[in-house]
1. Only Cα pairs under 8 Å and at least 6 apart count here; give the relative contact order of the range B:81-168 as a rounded whole percent.
2. Using 5 Å bins from zero, what percent of all Cα-Cα pairs in the range A:45-102 falls into each bin?
3. Ignoring solvent entirely, what values of log10 I(q)/I(0) come out of the Debye formula for the range B:81-168 at 0.17, 0.22 Å⁻¹ when each Cα is a single scatterer?
4. Taking amide H positions as placed in the peptide plane 1.01 Å from N, state which residues far from A:Gly31 in sequence (5 or more) or on other chains have amide H under 5 Å from it.
5. Give me the distance between the Cα centres of the range B:151-170 and the range B:71-104, rounded to whole Å.
6. Just rank B:Arg162, A:Arg113, A:Arg40, fewest to most, by other beta-carbon atoms within 10 angstrom.
7. Hey, any idea what the orientation-averaged projected area of the convex hull of the range A:133-179's Cα atoms comes to, in nm²?
8. With an 8 Å cut-off on Cα pairs and a minimum separation of 6 or more residues, tell me the relative contact order of the range A:31-145 in percent.
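Bear in mind that the values in this text are calculations on the coordinates, not laboratory data. Worth saying up front: this structure is predicted, and the values here are computed from it rather than measured. Every residue, glycine as well, gets a Cβ built from its backbone with ideal geometry; the counts of neighbours run over all protein chains shown.
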Amino acid sequence: MINTILRIALVSMSLIACATAVARPVSYAGGWTLIETSNRASSAGLLHYTMNYNLSVGARYEWQRGSDTRVTAIQPTFLAKRWFGRDYQANLYFSGGIGTAERKIGGIESSGRVKFVGVMADWETRSLFVSYEGRRMNLGQLGNQTMHAARLGWAPYEGDTGALHTWLMLEVDHRKHMDERTSVTPLLRFFKGPALLEVGYNLSDPSPLFNFTYRF
Amino acid sequence: MNKTVPLFIAAALATSAFADDDKQEMKHHGDGQMNHADMNHAHGAEHDHGANHEPESHEHHAMAHDHGDMAMIAATITHTNEISAALANGGAPVVVDVLGVVCDFCATAMNKVFSKRNEVAAIYVDLDKKTLNLVINDGSDLSDKQIEKLAKQAGYRIAAIRRDNEAMGG
């Protein structure tokens, strides 16, 4: 029953919104991962350590450019479910975080506690990719933020182990707290060994996207 | 933050991160393209050997095996320079069918986990065949259970393990 509910939830989320899901936010047991993301809203870095195959804990720093808000937090990510098949893999993750937020407005510094929770889901084969990510962040007196992002991806060829893998992707995100609430970003994903690089450009809210992940 | 409560409830309900969708798929041998002697797998209730099955003709390993696509021929070891050199030094070949291997991060994870083991002389993850190829040092042993455990640490699940002649396609 639980399996069925989770499966329906995963498929529904994929179909409804399909995400800017960070590539594999939980790694192998004992592995370190560095994840950098930069998009129209923020630039962020997450360094996490995978304690078990289903749990990673990391330190996050995020600079939200529009409001000049700087978030520092501890972020655990839990792999709630992984579906395996011979030709596919699907994942359902939950993440959260707690830390501090600082904002400078008109030369006046204000700060507060920050809490956030997120959900990520993805399904992929060697040539197709669908994902969804949602996050709700509470910045205390600095306000709340909700983000939804979805992705569709297609690989024009199936690269072998260690070769350069290339993906064409389209990301749609919705951020209620921004002037341009919904935006579209076409991007390219390059994968090689332990490194992943994404470059794109937001067409609705003109700005570059640059994401980088490295597994140590 | 009330909107976040359902997320945590859902997380708490998910008692196991690894779904069991594939464990029950043991229906096979219908197309005759797969040699039973080439497979190591657990024989569950749904397993059909057909009329000519001789129960003593092969060894049954206690290993969950995904037979969702039985049109395939059991993959043999992938030869790389490292694998060939390790075999030439007397190492024992092992081919592991792995579920969910779709990208280089999968390969990296298994490389990292298995490479730490002293028993492993060479390793190669073949994304095309969806196999983990190992050569075990001469005189060492890595049991099926250990391989299964290491794969789980890497975040994956194995479907079958073939060793020695089976791994070499002999």
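1. 42 percent
2. 5, 17, 20, 18, 15, 11, 7, 4, 2, 0
3. With one equal scatterer per Cα and no solvent, log10 I(q)/I(0) is -0.61, -1.06.
4. Here the answer is A:Thr50, since their amide H atoms fall under 5 Å of that of A:Gly31.
5. So the separation of the two Cα centres works out to 8 Å.
6. A:Arg113, A:Arg40, B:Arg162
7. The orientation-averaged projected area of the Cα hull of the range A:133-179 comes to 5.1 nm².
8. Once normalised by length, the contact order is 16 percent.
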